[in-house]
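Worksheet: one structure, shown below.
Rule-based calculations on the coordinates, nothing more; no lab input. Everything quoted here is computed from the prediction, not taken from an experiment. Because the Cβ atoms are built from the backbone with ideal geometry, glycine has one as well, and the counts that use them run over all protein chains shown.
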Amino acid sequence: MAWSELRIIPNEYNEEVKHIDEQLLTLFKERRRLTAGRRFFPWPELIKEWAVTFELEETYISGFIQQLQESTAPAFPNEKGDVTGVLPLMKRVVTNEAEYILTHAMQFEQVSEVSVEINYKLQAEANVRIRPNLHLEIIGGDRIYSVRRHGAGGSGIQTHMQFLISPPLPSALDDLQFSLVPSLVHREREIRTVVLNQQIDFD
C-alpha cells in the first residue's frame, strides 16, 4: 500500500451509540458547569457501591471520574520556562505498607515540578514491583492548581514520581495541603522482560 493511500479502519459506530455519546457529552458539560474547576470526587464508600451496582472495577470508576475532574483544569503551558529555584517540601507520611515523601519542587517560570519518593516497607517479599496508581491533589490557597503526572521510575521496592503544577507553587505553602489520591493510569500494559546475555564482539 502506498503512503498516499488511506487504510479503512473498521468502525461499528451507529445511531444507538451516538445517542449515548451525546448524552454523556451533555452530562459532561453540565458537570463542568457545576464544578467550575473545583475538585468534586465521590467518597470511597460510594465508589465501592458503584463497583457492585455497575459491575466495574473500582480503579476504573476512580480513573474515569478523575479524568472528568482533570478536564475542568486550565491547559498547561507548552514550555516550563527557565528554572527559578528549588522549593523544599519534606513532607513525610508512613503507612503500614509504605513511606511517602514529598521531597521538593523544582520551580520554573511557568510550572512547578513536584517530586515524590515512595519506599515499600515489606522488604522481605521477593520480586516486588511498585505500581503507583496515584495522582497529586493540591488543596487550599486562593488559586486553582492544575496537576499533571509527569513521569515515574524506580525499581524493586523504591519508586519516584513527578507531577507538573500550573500555575507554579508560591514560596509560602502555609495555606496549601498536598494529598495523593487513587488514579487509574490509563491501562498500563504488562512489560515483558527481555534478557540480553550473549557476548557481543565489535570488530
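Could you sort the peptides 108-121, 152-165, 38-51, 17-30 by per-residue average Cβ neighbour count (10 Å cutoff), highest mean leading?
Numbers: 108-121: 18.3, 152-165: 16.7, 38-51: 12.8, 17-30: 10.4.
Going by the mean number of other Cβ atoms within 10 Å, highest first, we get 108-121, 152-165, 38-51, 17-30.
Here LYS80 is the anchor, and the lysines within straight C-alpha reach of less than 28 Å, apart from those fewer than 8 places off in the same chain, are LYS91. Counting charges near PHE108 (Lys, Arg +1; Asp, Glu -1) among other residues having Cβ under 13 Å from its Cβ returns a value of -3.
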